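The values are calculated or read from the model by the stated rules, or taken from the named source; none is laboratory data. The shown structure was predicted, so the numbers you read here are calculated from the model rather than taken from an experiment. Counting neighbours? That spans all protein chains shown, and the Cβs are built from the backbone with ideal geometry, glycine included. Protein only, heavy atoms only, side chains kept; ligands, DNA and RNA dropped before computing areas. Shrake-Rupley method; radii C 1.70, N 1.55, O 1.52, S 1.80 Å.
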Number of protein chains: 6
Amino acid sequence: MPCVNIRITREGATPEQKAELIAGVTDLLRRVLARNPATTVVTIDEVDCENWGIGGLPVLDYRAAQAAKAPAMKEPRR
Amino acid sequence: MPCVNIRITREGATPEQKAELIAGVTDLLRRVLARNPATTVVTIDEVDCENWGIGGLPVLDYRAAQAAKAPAMKEPRR
Amino acid sequence: MPCVNIRITREGATPEQKAELIAGVTDLLRRVLARNPATTVVTIDEVDCENWGIGGLPVLDYRAAQAAKAPAMKEPRR
Amino acid sequence: MPCVNIRITREGATPEQKAELIAGVTDLLRRVLARNPATTVVTIDEVDCENWGIGGLPVLDYRAAQAAKAPAMKEPRR
Amino acid sequence: MPCVNIRITREGATPEQKAELIAGVTDLLRRVLARNPATTVVTIDEVDCENWGIGGLPVLDYRAAQAAKAPAMKEPRR
Amino acid sequence: MPCVNIRITREGATPEQKAELIAGVTDLLRRVLARNPATTVVTIDEVDCENWGIGGLPVLDYRAAQAAKAPAMKEPRR
């Protein structure tokens with residue numbers, strides 16, 4: 001009967017992707033620790049980007065700073 | 001000075017019901033553990049149904065699957 | 001299928017008191033919001049006093065400061 | 001690589017204020033515990049006032065009750 | 001840069017099993033949402049059984065009650 | 001009346017350092033958002049290293065892997 005909380009930046013995860021996360025984490029806990037899927041709860045918190053900080057900066061500022069340092073990198077990692 | 005977090009699916013809990021939860025949990029901690037109501041904090045997180053998983057499925061899919069198994073059950077439990 | 005987390009300072013709550021909290025919160029959610037007790041999860045986090053701050057101070061220092069201000073109060077509130 | 005979660009009532013914190021919180025907490029962990037800012041994550045949860053309880057009441061009711069007791073206090077503390 | 005928290009009852013999960021959970025969740029977020037493994041944080045909270053409630057009961061009492069109802073079931077599900 | 005949770009790896013933070021974190025976060029919220037220190041709660045969760053993952057690995061394995069890549073770095077960052 002585990003409880004899992006997944007916090008991600010709110011950037012357009014689809015219902016299908018969320019369903020994949022729920023299925024994947026539940027199955028992982030069944031396989032690794034034999035926990036019962038029927039009572040495994042998974043919640044996903046989508047946090048607005050201005051409310052998420054990394055490296056001392058709001059995440060969009062952080063990515064801009066990273067991109068400025070490494071201009072060849074096509075797309076910032078989330 | 002306890003901190004309580006109540007996570008529920010977002011399904012129309014009213015301000016009155018939330019006030020009842022806040023009063024009820026605060027009183028429970030006072031009665032059982034003599035904790036001071038003045039510094040008991042209660043937060044309620046309402047989580048969108050597509051962000052809540054149980055049994056490896058998003059909760060609405062889970063309820064639909066349960067209802068399909070037990071068609072006589074009038075209303076699914078939340 | 002709510003998830004409730006109760007955080008308290010670690011100060012000797014007994015298994016019986018914890019069972020009372022679990023029963024009380026689960027029943028509250030059933031009464032107020034008709035949530036299913038069978039899938040209501042309650043976890044209790046007991047936090048060491050040196051890891052709990054209130055009023056800008058670790059909780060034991062805070063209580064000492066409150067007691068110094070109000071020497072007549074026999075026992076500090078938790 | 002600490003993870004910090006700041007929960008506040010949703011009452012109009014600006015992006016600039018949030019950036020100050022993120023920078024301040026990250027710097028605090030670097031100064032006090034030498035934790036690496038590059039992997040310090042800070043999330044801010046803004047909780048609707050009707051979902052925040054203190055003293056057994058939703059926070060706005062609590063403030064109204066406090067103001068009624070101490071009518072001279074110009075503005076309630078958040 | 002997701003943050004994942006996995007809460008389970010404390011029942012002897014080994015370091016190897018924990019490493020599998022960490023690797024599995026991190027990989028799941030990379031596959032489903034293209035999140036960067038380098039900044040994915042996973043924490044595992046092992047909660048003492050007397051601090052975990054389900055069905056209104058501490059988890060060991062809950063399992064005993066379930067076993068009494070279904071005596072043929074060899075081993076309770078966690 | 002904010003609630004702040006600071007999660008760090010359990011690596012010997014002293015009571016004095018924890019008191020500094022509590023004072024620092026409480027003061028930050030007072031300065032930036034005018035939140036009342038008297039009702040600001042700060043909790044510190046110290047998580048065993050085997051229960052903390054980053055980059056898909058338990059944190060000690062992660063640091064060992066980083067050190068192997070950059071052998072000149074005297075001391076790994078936490």
- Message: Could you go through region D:2-11 and let me know if any residue there is among the hydroxyl-bearing types (S, T, Y) and out of contact with any Cys (no Cβ under 6 Å at 6 or more places or on another chain).
- Response: no
- Message: Restricting to region B:13-27, name every residue that is in a helix (DSSP H, G or I), open to solvent by 10 Å² or more (accessible area, probe 1.4 Å) and touching a Leu at 6+ places or on another chain (Cβ under 9 Å).
- Response: B:Q17, B:A19, B:E20, B:A23, B:G24
- Message: If A:I44 satisfies all but one of (1) within 26 Å of B:R7 (Cα to Cα); (2) of a type outside the set (D, E, K, R); (3) open to solvent by 20 Å² or more (accessible area, probe 1.4 Å), what's the number of the condition it fails?
- Response: (3)
- Task: Could you grab the pairs with beta carbons closer than 7 Å, sequence gap of 6+ or different chains, first residue in region E:54-65 and among the basic types (K, R), second one open to solvent by less than 40 Å² (accessible area, probe 1.4 Å)?
- Result: none
- Task: Just need a number here: residues in region F:36-69 that are under 30 Å from C:I54 (Cβ atoms) and either assigned to a strand (DSSP E or B) or facing chain E (nearest Cβ under 10 Å) (or both).
- Result: 12
